[in-house]
Amino acid sequence: EKGGYDHFMLKEIYEQPNVITDTYRGRLHANEGLIKMAGIEDNLQKFLNAPRILIIACGTSWHAGLVAEYIFEEFARIPVEVEYASEFRYRNPIINENDVVIAISQSGETADTLAAIKLAKEHGAFVFGVCNVVGSSISRETHAGAYTHAGPEIGVASTKAFTTQITVLTLIALRLAQAKGTLSNSMFHRYLQELELIPEKVSEALETNDVAKAIADIYKDAPNCLYLGRGYNFPVALEGALKLKEISYIHAEGYPAAEMKHGPIALIDEQMPVVIIAPRQEHYDKIVSNIQEIKSRSGKIIAIVTRGDVQVKELADHVIEIPETTDALSPLITTIPLQLLSYHIAVMRGCNVDQPRNLAKSVTVE
Ligand code: M6R
């Protein structure tokens with residue numbers, strides 16, 4: 001059942017190159033410069049007329065929503081708000097009938113997300129679902145949707161659902177950008193081609209497994225861990241921290257790297273491991289100076305860098321090298337070593353990786 005892997009989580013981490021391909025199959029036509037998604041084509045005007053898009057989700061799906069916020073705004077120039085379903089449903093939110101709501105859920109059964117969808121529908125909004133489980137409650141409750149094709153995710157810690165959600169949302173953002181003309185033709189084509197290369201690059205990123213395991217061995221007893229990232233990789237920092245805390249029970253926090261100096265920097269001393277997502281991309285120099293700030297306070301730096309990196313390598317205690325891709329698609333790659341790191345730490349601590357204490361795969365109660 002686990003296909004030779006010790007845990008479902010590890011199997012699912014390794015499935016990512018295949019399931020990302022499954023998710024874009026039939027939808028991404030890089031050579032023809034086309035994206036075909038029935039749920040989007042049938043409702044294209046609704047998306048194009050929307051004054052804004054509201055994204056509602058919980059947990060890891062909410063993190064995918066945050067990545068999507070950056071991508072939608074950058075590519076399609078549509079204002080996006082991302083909200084926890086549990087907050088949205090109880091705070092009398094402003095929802096207008098032209099708003100488009102995107103609900104993201106692996107299981108399609110999350111109680112708070114389902115209730116938030118019902119509320120949005122009552123206000124006349126159009127609700128689009130991004131679910132993994134076919135025929136789930138959320139997929140039935142939404143007006144239209146696009147499935148991720150991640151296959152069954154058994155491990156409570158979400159891994160392949162996250163990357164396939166980002167894949168679907170990126171396809172949608174690109175299609176809307178094409179319709180709106182907000183991306184140049186050449187950029188549009190470049191993104192399609194780059195997206196097609198992602199599964200191969202995810203496979204390469206999986207080759208960091210041994211390095212991640214060696215680092216895990218050093219930090220497995222740490223009581224705390226900080227995750228930092230900027231831009232598209234800020235949500236990846238949140239996701240990395242969530243993964244670590246839920247399966248290894250180590251307290252971890254994710255932060256936008258530049259926010260560190262507004263508080264968390266006080267936590268840094270030689271006992272504090274800091275995982276910093278620092279691929280060579282826009283604002284690279286900013287992340288380098290964030291790393292310097294940590295180093296001068298003796299924090300232990302574990303950096304996720306682009307292969308061939310020089311500057312961060314000089315400063316960091318450990319580096320995990322990943323293949324290069326465009327900024328907007330980098331979360332699909334940077335996430336991989338973070339999944340592996342938390343997996344190995346949890347295994348080394350003797351934790352029940354697939355079924356962490358107190359957690360359920362789908363949270364069907366509020
Ligand atoms: O099935 P959903 O995507 O709606 O689930 C949302 C969260 O419960 C889920 O992502 C949870 O945070 C995971 N355990 C994270 O790994």
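The values are calculated or read from the model by the stated rules, or taken from the named source; none is laboratory data. What you see is a predicted model; the values in this text were computed from it and never measured. Positions of Cβ are generated from backbone atoms using ideal geometry, with glycine treated the same way; all protein chains shown enter the neighbour counts. The protein model used for the area step is the full one, side chains on, heavy atoms only, and it has no ligands, DNA or RNA in it. Shrake-Rupley method; radii C 1.70, N 1.55, O 1.52, S 1.80 Å.
How do the pairs read when you match residues in segment 277-296 that are of a type in the set (Ser, Thr, Tyr) with residues anywhere that are part of a helix (DSSP H, G or I) and open to solvent by 30 Å² or more (accessible area, probe 1.4 Å), using Cβ under 8 Å and keeping only pairs 6 or more apart or on different chains?
Sorted first by the residue in segment 277-296, then by its partner, the pairs are 284/311.
This table checks each residue for (1) open to solvent by 20 Å² or more (accessible area, probe 1.4 Å); (2) under 22 Å from the mean Cα position of the chain (by Cα); (3) touching a residue at least 24 places away in the same chain (Cβ under 8 Å).
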residue: 118; (1), (2), (3): yes, no, no
residue: 122; (1), (2), (3): yes, no, no
residue: 133; (1), (2), (3): yes, yes, yes
residue: 139; (1), (2), (3): yes, yes, yes
residue: 147; (1), (2), (3): yes, yes, no
residue: 160; (1), (2), (3): no, yes, yes
residue: 166; (1), (2), (3): no, yes, yes
residue: 176; (1), (2), (3): no, yes, yes
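Please state which one of 319, 347, 310, 305 is surrounded by fewer than 16 Cβ atoms within 10 Å (Cβ to Cβ) and among the β-branched types (Val, Ile, Thr).
The conditions single out 310.
Of all residues in segment 58-98, which are under 20 Å from the mean Cα position of the chain (by Cα), within 16 Å of the ligand (Cβ to nearest atom) and part of a loop (DSSP other than H, G, I, E, B)?
Scanning segment 58-98 gives a single hit, 58.
When the residues of segment 115-160 are filtered to those that are closer than 25 Å to residue 1 by Cβ and assigned to a strand (DSSP E or B), which remaining residue is nearest to the ligand (Cβ to nearest atom)?
For segment 115-160, the residue satisfying everything is 131.
Give 360, 328 a once-over and let me know the one that is under 24 Å from residue 166 (Cβ atoms), touching a residue at least 12 places away in the same chain (Cβ under 8 Å) and either part of a helix (DSSP H, G or I) or open to solvent by 70 Å² or more (accessible area, probe 1.4 Å) (or both).
Numbers: 360 fails: either part of a helix (DSSP H, G or I) or open to solvent by 70 Å² or more (accessible area, probe 1.4 Å) (or both).
Criteria check complete, one pass: 328.
Take the conditions among the charged types (D, E, K, R) and buried (at least 17 other Cβ atoms within 10 Å of the Cβ) and apply them to residue 354. Does it pass?
The answer is yes for residue 354.
Somewhere in segment 253-265, is a residue among the acidic types (Asp, Glu), within 16 Å of the ligand (Cβ to nearest atom) and open to solvent by 30 Å² or more (accessible area, probe 1.4 Å)?
For segment 253-265, residues among the acidic types (Asp, Glu), within 16 Å of the ligand (Cβ to nearest atom) and open to solvent by 30 Å² or more (accessible area, probe 1.4 Å): present.
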